[in-house]
Amino acid sequence: MRTFSTIVLATIGWIGLSSISSPLNATIVSNFEITVDRSFDSDRLPPVGTKGFGTLTFDESQIQYNENNFFDPYARPPFGYYAQRPTSLSLDFFNRRYTQVNDSSIGRSTTYFSFNRTDTGSYQLKGFLVGTSDESSSLAISSNGFAAAFNNAGLAYGTVQLTSSEVIPEPSMIAGVPVALMFGWLSHQKLKRRRSKTIVLK
């Protein structure tokens, strides 16, 4: 029994060492909400109060660090932790679903995604600017607001709010835990059989 406990502890230790020695590329999921507060053609554009719900996803391996340009808020890449592009974008707005990721610009700012480093060592989206479009409309969305154009009918403007952020561990690491424990159990069974044979031979 003591041997089995030793094997289990060694296996768990192996899992811990593996997770330290091999970087995990977790998926970062950031949700945001947009709300129209100005609309210049209510017949063809989304009326004031219309909401949209979006999600940006990133892989941690995409995140880089830039230690320059600290005093230039318009510099790209931005100072600190950033990503060039999201893994995916999804936005449901005005009876449309947007999934296309375009480069965008508002004033001097161009597409960017900046992150804070959390106490647990993961990342949290803090600011962004991205464009998206379909066959009849286009949007420029940032953490400070958005602008939407529909068939050149005019523009609608509104606010943007980051609503939640979640870090999802790499699936292979989650699957690896029971596999490693099974490996430890099989090793224990093999050791038991070997010992029983040795006793019989004696």
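Extension gain F79-D59, at 0.36 nm per residue separation less the Cα-Cα distance, in nm?
Values: separation 20, 0.36 × 20 = 7.20 nm, distance 1.93 nm.
Extending this stretch completely gives an extra 5.3 nm.
Between S88 and I106, what is 0.36 nm times their sequence separation minus the Cα-Cα distance? Round to one decimal in nm. Display every interim value, and only then the final one.
Details: separation 18, 0.36 × 18 = 6.48 nm, distance 2.12 nm.
Between S88 and I106, full extension yields an extra 4.4 nm.
For P86, what is the net charge nearby, where nearby means another residue's Cβ is under 15 Å from its Cβ and Lys, Arg count +1, Asp, Glu -1? Let's see the in-between values first.
Numbers: positive: R85, K126; negative: D59, E60, D103, E166.
Every neighbour counted, the sum reads -2.
Can you work out the FRET efficiency for the pair A149 and E67, with r the C-beta to C-beta distance and R0 = 41 Å, to the nearest 0.05? The partial results should precede the final answer.
Numbers: r = 37 Å, r/R0 = 0.90.
With R0 = 41 Å, the Cβ-Cβ based efficiency is 0.65.
What is the pair-distance distribution P(r) of the stretch 27-168, computed from all Cα-Cα distances in 10 Å bins starting at 0, with each bin given as a whole percent?
12, 43, 31, 13, 2
Ranking request for peptides 161-168, 140-147: highest mean number of other beta-carbon atoms within 10 Å first, then the rest in descending order. Kindly include the intermediate steps, with their values, before the conclusion.
Details: 161-168: 13.6, 140-147: 19.4.
Most protected by this proxy first, the peptides run 140-147, 161-168.
What relative contact order, as a whole-number percentage, does the stretch 27-168 give when Cα pairs under 8 Å and 6 or more residues apart are counted?
Relative CO of the stretch 27-168 lands at 29 percent.
Once fully extended, how much extra length lies between R97 and E166, figured as 0.36 nm per residue of separation less the alpha-carbon to alpha-carbon distance?
Details: separation 69, 0.36 × 69 = 24.84 nm, distance 2.18 nm.
Once the chain is fully extended between R97 and E166, it gains 22.7 nm.
Where Lys and Arg each count +1 and Asp and Glu each count -1, what net charge lies around Q161 among other residues with Cβ under 14 Å from its Cβ? Write out the running numbers ahead of the final one.
Numbers: positive: K51, K126; negative: E33, D37.
Once positives and negatives cancel, what remains is 0.
Roughly speaking, to the nearest percent, how much of the stretch 27-168's 1.4 Å accessible area is carbon and sulfur? Before the final figure, lay out each step's value.
Working: 3360 of 7550 Å².
Carbon plus sulfur share of accessible area: 44 percent.
The values are calculated or read from the model by the stated rules, or taken from the named source; none is laboratory data. Just so it is clear, the model here is predicted, and its values are computed rather than measured. When we count neighbours, we look across all protein chains shown, and the Cβ atoms used for this are built from the backbone with ideal geometry, even at glycine. These accessible areas exclude ligands, DNA and RNA; they are computed on the full protein's heavy atoms, side chains included. Shrake-Rupley method; radii C 1.70, N 1.55, O 1.52, S 1.80 Å.
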